[in-house]
Amino acid sequence: MSKILVTGGTGYIGSHTVVELQRAGYTPVIVDNLVNSNVGVLAQIEKITGVRPEFHDFDLCDEAAVKRFVADNADITGVIHFAAYKAVGESVQQPLKYYHNNFFSLINLLNAYRERPIDFVFSSSCTVYGQPDELPVTESAPVKKAESPYGNTKQIAEEILSETAAASNNYNIISLRYFNPVGAHESALIGELPLGVPQNLVPFITQSAIGKRGPITVFGDDYDTPDGSAVRDYIHVVDLAKAHVAAIRLLEKGNPNGSYDVFNIGTGRGNSVLEVIKAFEETTGVKLNYQIGPRRSGDVEQVWGDVSKSTRELGWKAELDIAEMMRSAWNWEQYLEDHPLS
Ligand code: NAD
Ligand code: WQD
């Protein structure tokens, strides 16, 4: 079966995608420099699927290393490029760190595949839409000026990819615009491993519930939404992982839309912060401590995706609901308490 390079494959979304690729009969090969992940993830994947994925530890910003890897692995037919820095707040403090890592890794990969055909799937984000004028937001909505250097790396990367695909017949590219990935594998053997204080809602909720953090602060209850708290389209990471398998399949078959395409990957539904808190409490039976605080700067009020294009053309649809997202995130947090990854 085809070999697929998964950059960032020991990370949160990458590790779940490696599992789904193996399940679908692909042979994923991971490249990751472990800057934001743990090598113990490889053994966890093996516990789930029975197969330890091939792993290469190097920095994708190292142009010579990328070239060497691509030359030595001529049987790789597809790339799923997850590797990037992703902390929005840190990107405002250290923009060059983000521009350097997220662009050099992407450009080195694209350059290394200049001479041969490659299927390429890129991790983009609904952050490219900012606050959309119309909801649910479709792929044809305008891209708004990014609020952060991180968001800007996704917008510019999409432009780099579309221009690269237009300039050469060798690249067939899909950008997947993820909404808010949450949850963990049902086995509780892999999940998100936030470093330090989690900036994202669901890891903060699970860490607060287990006693690692204090009360949750709801960032704003005065938005123009049904309960006043901000609304997002939360997507289970396993559904998201399966969308990558669907994208690789479409590229293998030949995408009738051409050599560059974009898909929204969400559930098509929005949930408010207060609804997420309630869903966690109802699903797990654990009471949360929370308080209302001011809005967080840079946050949009509400966003959820129109996923009809993905359903129609990728043949993919999210199947897991908010209760399953909360249950799996909580099981993972509890697992980690007893089994710190090493
Ligand atoms: P993650 O940090 O868990 O995974 C990224 C992986 O890439 C890590 O294992 C890290 O060690 C590796 N990496 C980073 N720079 C590297 C380099 N130069 N060379 C080799 N390896 C490198 O993040 P994630 O949540 O799994 O996100 C994966 C991708 O999806 C990222 O591109 C992110 O921007 C994008 N994305 C994430 C979210 C989200 O909320 N998690 C939402 C939208 C888009
Ligand atoms: C969700 C909601 C917060 C923490 C970010 C990136 C985006 C994408 C996904 C990568 C918001 C609220 C949060 C807390 C809260 N990542 N919240 N208390 O901001 O929608 O998206 O991750 O591409 O680019 O910006 O996700 O999980 O941080 O927040 O009230 O302690 O929860 O204000 O409304 P966000 P999030």
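The values are calculated or read from the model by the stated rules, or taken from the named source; none is laboratory data. None of these values were measured; they are calculated from a predicted model. In this analysis, Cβ positions are derived from the backbone assuming ideal geometry, glycine residues included, and neighbour counts consider all displayed protein chains. Quick note on the areas: whole protein, heavy atoms, side chains included, nothing else; ligands and nucleic acids left out. Shrake-Rupley method; radii C 1.70, N 1.55, O 1.52, S 1.80 Å.
Can you tell me how many residues within the range 86-111 are open to solvent by less than 80 Å² (accessible area, probe 1.4 Å) and in contact with a strand residue (DSSP E or B) (Cβ under 9 Å, 6 or more places away or on another chain)?
4
Looking at (1) within 29 Å of E20 (Cα to Cα); (2) without any contact (Cβ under 8 Å) to a residue 24 or more places away in the chain; (3) over 22 Å from the mean Cα position of the chain (by Cα), which is the one condition that is false for G285?
It is condition (1) that G285 fails.
Which one of these does L201 not meet: (1) more than 8 Å from ligand 2 (Cβ to nearest atom); (2) among the aliphatic types (A, V, I, L, M); (3) closer than 19 Å to G298 by Cα?
(1)
For residues that are near ligand 1 (Cβ under 10 Å from one of its atoms) and out of contact with any Phe, Trp or Tyr (no Cβ under 8 Å at 6 or more places or on another chain), scanning just the range 178-198, find the one that is farthest from S125 (Cα to Cα).
L195
N255 - would you say it is crowded, with 16+ Cβ neighbours inside 10 Å, over 20 Å from the mean Cα position of the chain (by Cα), in contact (Cβ under 8 Å) with a residue 12 or more places away in the chain and within 30 Å of N169 (Cα to Cα)?
Against the criterion (crowded, with 16+ Cβ neighbours inside 10 Å, over 20 Å from the mean Cα position of the chain (by Cα), in contact (Cβ under 8 Å) with a residue 12 or more places away in the chain and within 30 Å of N169 (Cα to Cα)), N255 qualifies.
Here is a yes/no grid of residues against (1) within 30 Å of M326 (Cα to Cα); (2) in a loop (DSSP other than H, G, I, E, B); (3) in contact (Cβ under 8 Å) with a residue 12 or more places away in the chain:
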residue: V128; (1), (2), (3): yes, no, yes
residue: Y150; (1), (2), (3): yes, no, yes
residue: T164; (1), (2), (3): no, no, yes
residue: D222; (1), (2), (3): yes, yes, yes
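Show me the strands (runs of 3 or more DSSP E) entirely contained within the range 14-107 in which 1 or more residues are among the aromatic types (F, W, Y) and away from ligand 1 (no atom under 14 Å from the Cβ).
In the range 14-107, there are no strands (runs of 3 or more DSSP E) which contain 1 or more residues that are among the aromatic types (F, W, Y) and away from ligand 1 (no atom under 14 Å from the Cβ).
Any idea how many residues of the range 291-311 are surrounded by fewer than 17 Cβ atoms within 10 Å (Cβ to Cβ) and in a strand (DSSP E or B)?
3
Please indicate, with yes or no, whether at least one residue in the range 206-219 is at pLDDT 95 or above, out of contact with any strand residue (DSSP E or B) (no Cβ under 7 Å at 6 or more places or on another chain) and closer than 30 Å to A157 by Cα.
Looking for residues that are at pLDDT 95 or above, out of contact with any strand residue (DSSP E or B) (no Cβ under 7 Å at 6 or more places or on another chain) and closer than 30 Å to A157 by Cα, one finds none in the range 206-219, hence no.
What residue, among those in the range 208-219 that are open to solvent by 10 Å² or more (accessible area, probe 1.4 Å) and outside any loop (DSSP other than H, G, I, E, B), is farthest from ligand 2 (Cβ to nearest atom)?
I210
Could you check A323 against (1) surrounded by fewer than 17 Cβ atoms within 10 Å (Cβ to Cβ); (2) small (G, A, S); (3) within 16 Å of ligand 2 (Cβ to nearest atom) and say which number it fails?
(3)
Restricted to the range 1-17, and to residues that are within 13 Å of the chain's Cα centre (by Cα) and closer than 16 Å to R249 by Cβ, which residue is farthest from ligand 2 (Cβ to nearest atom)?
Here the answer is V6.
Looking at (1) farther than 17 Å from W330 by Cα; (2) open to solvent by 40 Å² or more (accessible area, probe 1.4 Å), which is the one condition that is false for P194?
Only one criterion in (1) farther than 17 Å from W330 by Cα; (2) open to solvent by 40 Å² or more (accessible area, probe 1.4 Å) is unmet by P194, namely (1).
Identify the residue in the range 112-133 that is hydroxyl-bearing (S, T, Y) and over 22 Å from L251 (Cα atoms) and, among all such residues, is least open to solvent (accessible area, probe 1.4 Å).
Here the answer is Y129.
Being among the aliphatic types (A, V, I, L, M), away from ligand 2 (no atom under 16 Å from the Cβ) and in contact with a strand residue (DSSP E or B) (Cβ under 9 Å, 6 or more places away or on another chain) is true for just one of L42, L34. Which residue is that?
Result: L42 is the single residue among L42, L34 that is among the aliphatic types (A, V, I, L, M), away from ligand 2 (no atom under 16 Å from the Cβ) and in contact with a strand residue (DSSP E or B) (Cβ under 9 Å, 6 or more places away or on another chain).
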